[in-house]
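Notes for the one structure printed next.
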Amino acid sequence: MDGGRRVKATFLGSGGSVPTKKRNLPSFVVRTDGGLVMFDCGEGTQKQFLIAKLGFNREMRVLISHMHADHILGIPGLLHSMSFMGRTRDLEIYGPSGICEFVKCTTETVKFSPMFPVRTVEVRAGNVAKTPSYSIRAAWADHDIPCLAYSLTENDKPGRFYPAKARELGIPKGPLWKTLQMGKPVKVGRRRIDASKVVGPPRKGLKITYAVDTRPCDRVIELASGSDLLVHDGMFSSDASERAREYGHSTAAGAATVAKRSRSRNLALTHFSAIYQDTKQLLAEAKAVFPRTIVAEDLRALELP
Ligand SMILES: [Zn+2]
Ligand SMILES: [Zn+2]
């Protein structure tokens, strides 16, 4: 046992504003040791969620960036599908002002009550949630309506456990191994054995920041500081920079500047305008500023070490 999986993340939708043949509307899911964290829930997310086999009854939180249709219209469908698939666990949905009313209205007017508890929470910049596995912070992005960027920071994890070393020291498999994995010492006969003899150094939790529908902005740079992965609005190429500014979005190069200035390790561009058949130009423009850039593709899974 190695004390925790690698974090996996999946883009369920990488388009912006309207879907295209290849791109669904925004949604990005991170699998943590404490369940799923979904960022945005564009229309059709329920189907992508099913295809990605993310599991309808896992611990899960949904973080909504803002109240534009392309980021929230998937919620009613997702709730309905989850009910249909037999979800029993609570689901928490966080978002800016309006999110509670939206969820209430849609479930009331559509005459459907989810078969599991749904808790909606209106949030602002600052601490949003803290769980035994991770914490979430938010900052105001720079869009044409109030829009939140979020960062998810995993708690540090215990170091890797080495069963061979434990056996060598004559520690029987069972509860004592568990205790050592938690970093605590054990007693075998009259010997006291410290965890450091069989467990490696603690591993730093990952930080992932999600900022879509935003112009490049200092608040996001600060929020994203030192992220292992920054998922950022890269809606336009630089020849459309006027348009990006006007509508509250970023160019690919603008996103790359945010990655660079926040000292993030990796950048994933997303929320692409439907005017682009492919993302080659966007990727090239971002890479010129920040080489460790990838472009989001629907159902593309990332594994973060
Ligand atoms: Zn959008
Ligand atoms: Zn928007």
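The values are calculated or read from the model by the stated rules, or taken from the named source; none is laboratory data. Bear in mind that the values here come from a model prediction, so they are computed numbers and not experimental data. Heads up, the Cβs are rebuilt from the backbone with ideal geometry, glycines too, and the neighbour counts pull from every protein chain shown. We work out accessible area using only protein heavy atoms, side chains counted, and drop any ligands, DNA or RNA first. Shrake-Rupley method; radii C 1.70, N 1.55, O 1.52, S 1.80 Å.
Overview of values
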| item | result |
| --- | --- |
| Matching residues in region 20-54 - criterion: being more than 12 Å from ligand 1 (Cβ to nearest atom) and of a type in the set (Gly, Ala, Ser) | Gly34, Gly35, Gly44, Ala52 |
| So Ala288, is it surrounded by 22 or more Cβ atoms within 10 Å (Cβ to Cβ), away from ligand 2 (no atom under 16 Å from the Cβ) and not polar (S, T, N, Q) | no |
| Subset of region 265-285 (residues that are open to solvent by less than 70 Å² (accessible area, probe 1.4 Å) and among the hydrophobic types (A, V, I, L, M, F, W, C)) | Leu267, Ala268, Leu269, Phe272, Ala274, Leu282, Leu283, Ala284 |
| Test: residue in region 127-146 that is more than 28 Å from Phe272 (Cβ to Cβ), more than 16 Å from ligand 2 (Cβ to nearest atom) and touching a Pro at 6+ places or on another chain (Cβ under 8 Å) | no |
| Matching residues, region 96-131, being among the aliphatic types (A, V, I, L, M), open to solvent by 30 Å² or more (accessible area, probe 1.4 Å), farther than 18 Å from Leu54 by Cβ and assigned to a strand (DSSP E or B) | Val121 |
| Residues of region 63-95 that turn out to be within 16 Å of ligand 1 (Cβ to nearest atom) and either open to solvent by less than 30 Å² (accessible area, probe 1.4 Å) or out of contact with any helix residue (DSSP H, G or I) (no Cβ under 8 Å at 6 or more places or on another chain) (or both), as a count | 13 |
| Criterion: within 16 Å of ligand 1 (Cβ to nearest atom), within 23 Å of Pro26 (Cα to Cα), at pLDDT 95 or above and surrounded by fewer than 22 Cβ atoms within 10 Å (Cβ to Cβ) - qualifying residue of Arg215, Arg219 | Arg215 |
| Within region 145-159, considering residues that are farther than 15 Å from Cys217 by Cα and open to solvent by 20 Å² or more (accessible area, probe 1.4 Å), the one nearest to ligand 1 (Cβ to nearest atom) | Thr153 |
| Yes/no for Ser135 being under 29 Å from Ala224 (Cβ atoms), away from ligand 1 (no atom under 16 Å from the Cβ) and buried (at least 19 other Cβ atoms within 10 Å of the Cβ) | no |
| Members of region 95-139 found to be over 16 Å from Ser151 (Cα atoms), aromatic (Phe, Trp, Tyr) and touching a Ser or Thr at 6+ places or on another chain (Cβ under 7 Å), listed by number | Phe116 |
| Inter-residue pairs, beta-carbon under 7 Å, first over 10 Å from Val258 (Cβ atoms) and among the aliphatic types (A, V, I, L, M) and in region 221-239, second surrounded by fewer than 24 Cβ atoms within 10 Å (Cβ to Cβ) and at pLDDT below 95, 6+ apart | Leu229/Leu304 |
| Residue match in region 184-197 (condition: open to solvent by 60 Å² or more (accessible area, probe 1.4 Å) and at positive phi) | yes |
| Residues located in region 21-51, provided they are assigned to a loop (DSSP other than H, G, I, E, B), modelled with pLDDT under 95 and either buried (at least 17 other Cβ atoms within 10 Å of the Cβ) or within 17 Å of the chain's Cα centre (by Cα) (or both) | Asp33, Gly34 |
| Only one of Thr257, Thr270 that is over 30 Å from Gly159 (Cβ atoms), within 14 Å of ligand 1 (Cβ to nearest atom) and among the β-branched types (Val, Ile, Thr) | Thr270 |
